[in-house]
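The values are calculated or read from the model by the stated rules, or taken from the named source; none is laboratory data. Predicted, not measured: the structure shown is a model, and the values here were computed from it. With ideal geometry, Cβ positions are generated from the backbone for all residues, glycine too; neighbour counts draw on all protein chains shown. For accessibility, only protein heavy atoms count, side chains too; no ligands or nucleic acids. Shrake-Rupley method; radii C 1.70, N 1.55, O 1.52, S 1.80 Å.
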Amino acid sequence: MMSSEFFTTWFLPGIWVTVQVTVYAAALGAAVSFAIGLARGSRYWIVRFVAGIYFEVFRGMSALVLMFWMFFALPLFGWQLVPMWAGVSALGLTYGAYGSEIVRGSLAAVAPAQKEAGVALNFTRLQRLRLIELPQAWPEMVPPFNNLLIELLKGTALVSVITVADMTFAGNLVRLGTNETTPVYTLLLVLYFVLAFLITRGMRLLERRAKAGVGQLPEKPGGTTRTAGGTTRTSGGSTRTSDARGEHLPAGSRSAAGGTA
Amino acid sequence: MNWDWNVVDDFMPRFWDGVLVTLQALAVGTLIAFALGLVWALAQRSGRVWVRWPVVAVTEFIRNTPLLVQLFFLFYVVPNFGLSMSPLTTGIVGLGLHYSTYTAEVYRAGIDGVPAGQWEAATALSLSKGRTWRVVILPQAIRRVVPPLGNYVIAMLKDSPMIATIGAFDMLGEAQTFSNETFTTEALTVVGVAFVVIAYPASLLIRALERRLVR
């Protein structure tokens, strides 16, 4: 059997790298999701158009191919990326495209009357977004984003092929050193499953808070709009989420399967 | 920037070889995923706990672990148990198995989406269990599952380059070896563009299907 020494010298640091890559890519992905998601709902056609191109290109792109390209091809354009950052940016840029569909869809699903109410109150565009639309879209966004995070965690295994020493890389290394293929890859699968399980558990808390009631929304919106949103919120439910689906994507569609059907 | 169209020309024959392998993996992988997914979905609805529980456990495990590691597992571990497969076969089995757990969810949702009244009507007409499924439930469920299943085909297309990591010469595998031999990057770029060029019309097609089938 594989000795515990291998675990502490290779797998433990690997787990830490996997966690790091996940966190960084999730942060980048979230930023891209909101930027592109909001831009795709812009009033200006040129902004919508550019964001639309981003969405189509990065949604159609294979994350692994993009990662290879960033690692091997980008240097020839004069841009050398450390393996870790090539991996993180490839993951963040692709998953950000999926996430933008979640943001766009859930914002589009906010009842039109709510936006009109904001107009009637003479709110600026930014105020409507911050006080009315985002707080109401938030509970719709959380579950698909959680699925996306699990997909991202699994996607981080790809960074091993561009020599980032994550869990998968550690596994391959130990396999080469010990020839203990069965325990190594079984352990690897179990580790990913446990991480995914932990994320699911942690995120369920967030989900419950988001669903619990508008009073506990993380955005802390202004008092009046909060209650205004609250009444329509509960009825929205599953039918609306079908809009917030990340197409083409295991993650989004996992919950979306329920939404569409 | 040093883009050289001659390098692209040199790469083209191998690019088409890679496209062929990718499409092969995609076609067979899709068949496996669609068929096996239905098996999972039906087994998960089984009244027998000893059928339902293991299937749920296995599909959840497969769905929550990375395809890449599953491919390594299939390629390096499974031969220890006396079943060796070529890289391409391993890749196809891996893709099909991985995505069958997703399609199972799609089928499940599609079947759950059939209104309860339809089940009751079948009971009222005293249709047998087999006939109820064949004539009443599945025809209605299929309309709902076509668009999400199509999305998974595109997702599979985008995950298919992973089979290059176990030595199958798909689009990425060809580009990678070509780039290594020639110290150029045009091949990788061509393959990247190819994915977008294939995926975009496919997504338009699915959107059109969705509009037609699901209202």
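Among the residues that make up segment A:42-65, is at least one of them within 13 Å of chain B (Cβ to nearest Cβ), open to solvent by less than 40 Å² (accessible area, probe 1.4 Å) and either at pLDDT 95 or above or touching a strand residue (DSSP E or B) at 6+ places or on another chain (Cβ under 6 Å) (or both)?
Scanning segment A:42-65 turns up no residue that is within 13 Å of chain B (Cβ to nearest Cβ), open to solvent by less than 40 Å² (accessible area, probe 1.4 Å) and either at pLDDT 95 or above or touching a strand residue (DSSP E or B) at 6+ places or on another chain (Cβ under 6 Å) (or both).
Residue-by-condition table, conditions (1) among the hydroxyl-bearing types (S, T, Y); (2) in a loop (DSSP other than H, G, I, E, B); (3) crowded, with 23+ Cβ neighbours inside 10 Å; (4) within 14 Å of another protein chain (Cβ to nearest Cβ):
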residue	(1), (2), (3), (4)
A:F72	no, no, no, yes
A:L76	no, no, no, yes
A:Q80	no, yes, no, yes
A:W85	no, no, no, no
A:V88	no, no, yes, no
A:L93	no, no, no, yes
A:Y98	yes, no, yes, yes
A:V103	no, no, yes, no
A:S106	yes, no, yes, no
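Check A:V21 against each of (1) among the hydrophobic types (A, V, I, L, M, F, W, C); (2) over 24 Å from A:L173 (Cα atoms); (3) surrounded by 18 or more Cβ atoms within 10 Å (Cβ to Cβ) and name the one condition it does not meet.
Tallying (1) among the hydrophobic types (A, V, I, L, M, F, W, C); (2) over 24 Å from A:L173 (Cα atoms); (3) surrounded by 18 or more Cβ atoms within 10 Å (Cβ to Cβ), A:V21 fails exactly one: (2).
So for segment A:154-176 (the condition being more than 18 Å from A:Q20 (Cα to Cα), open to solvent by 40 Å² or more (accessible area, probe 1.4 Å) and out of contact with any helix residue (DSSP H, G or I) (no Cβ under 8 Å at 6 or more places or on another chain)), does at least one residue qualify?
yes
Run A:L28 past the list (1) closer than 24 Å to B:T189 by Cβ; (2) free of Cβ contacts under 8 Å to residues at least 12 places away in the same chain; (3) open to solvent by 30 Å² or more (accessible area, probe 1.4 Å) and report the number of the one that doesn't hold.
Of the numbered conditions (1) closer than 24 Å to B:T189 by Cβ; (2) free of Cβ contacts under 8 Å to residues at least 12 places away in the same chain; (3) open to solvent by 30 Å² or more (accessible area, probe 1.4 Å), the odd one out for A:L28 is (2).
Name the residue, out of B:V77, B:V28, that is open to solvent by 20 Å² or more (accessible area, probe 1.4 Å) and either at pLDDT below 95 or within 17 Å of the chain's Cα centre (by Cα) (or both).
Going through B:V77, B:V28 in turn, the sole match is B:V28.
Test each condition in (1) assigned to a helix (DSSP H, G or I); (2) under 24 Å from B:F178 (Cβ atoms); (3) polar (S, T, N, Q) for B:N80 and report the one that comes out false.
(2)
Of the residues that make up segment B:55-71, is at least one among the acidic types (D, E), in contact with an Asp or Glu (Cβ under 9 Å, 6 or more places away or on another chain) and either open to solvent by 10 Å² or more (accessible area, probe 1.4 Å) or away from chain A (no Cβ under 13 Å) (or both)?
Checked against the condition, which is being among the acidic types (D, E), in contact with an Asp or Glu (Cβ under 9 Å, 6 or more places away or on another chain) and either open to solvent by 10 Å² or more (accessible area, probe 1.4 Å) or away from chain A (no Cβ under 13 Å) (or both), segment B:55-71 yields no hits at all.
From the list A:G229, A:G236, A:G223, exactly one residue is modelled with pLDDT under 85, buried (at least 20 other Cβ atoms within 10 Å of the Cβ) and either in contact with a Phe, Trp or Tyr (Cβ under 6 Å, 6 or more places away or on another chain) or more than 11 Å from chain B (Cβ to nearest Cβ) (or both). Which is it?
Selected residue: A:G229, the only one of A:G229, A:G236, A:G223 that is modelled with pLDDT under 85, buried (at least 20 other Cβ atoms within 10 Å of the Cβ) and either in contact with a Phe, Trp or Tyr (Cβ under 6 Å, 6 or more places away or on another chain) or more than 11 Å from chain B (Cβ to nearest Cβ) (or both).
Working only within segment A:171-193, note down all residues that are within 25 Å of the chain's Cα centre (by Cα), facing chain B (nearest Cβ under 7 Å) and not aromatic (F, W, Y).
A:L188, A:L189, listed by residue number.
Residue by residue through segment B:1-52, note down the ones that are of a type outside the set (A, V, I, L, M, F, W, C) and touching a residue at least 12 places away in the same chain (Cβ under 8 Å).
Selection gives B:D4, B:D10, B:R14, B:D17, B:G18, B:T22, B:Q24, B:G29, B:T30, B:G37, B:Q44, B:R45.
B:S160: in contact with a Ser or Thr (Cβ under 6 Å, 6 or more places away or on another chain) and at the interface with another protein chain (Cβ under 8 Å from one of its Cβ atoms), yes or no?
Against the criterion (in contact with a Ser or Thr (Cβ under 6 Å, 6 or more places away or on another chain) and at the interface with another protein chain (Cβ under 8 Å from one of its Cβ atoms)), B:S160 qualifies.
Which one is most open to solvent (accessible area, probe 1.4 Å) among residues in segment B:165-187 that are at the interface with chain A (Cβ under 8 Å from one of its Cβ atoms) and free of Cβ contacts under 8 Å to residues at least 40 places away in the same chain?
The selected residue is B:Q176.
Tally up the residues in segment B:191-215 that are more than 19 Å from A:Y98 (Cβ to Cβ), facing chain A (nearest Cβ under 8 Å) and buried (at least 17 other Cβ atoms within 10 Å of the Cβ), please.
1
Any residue at all in segment B:158-177 that is under 27 Å from B:V56 (Cβ atoms) and aromatic (F, W, Y)?
There is no residue in segment B:158-177 that is under 27 Å from B:V56 (Cβ atoms) and aromatic (F, W, Y).
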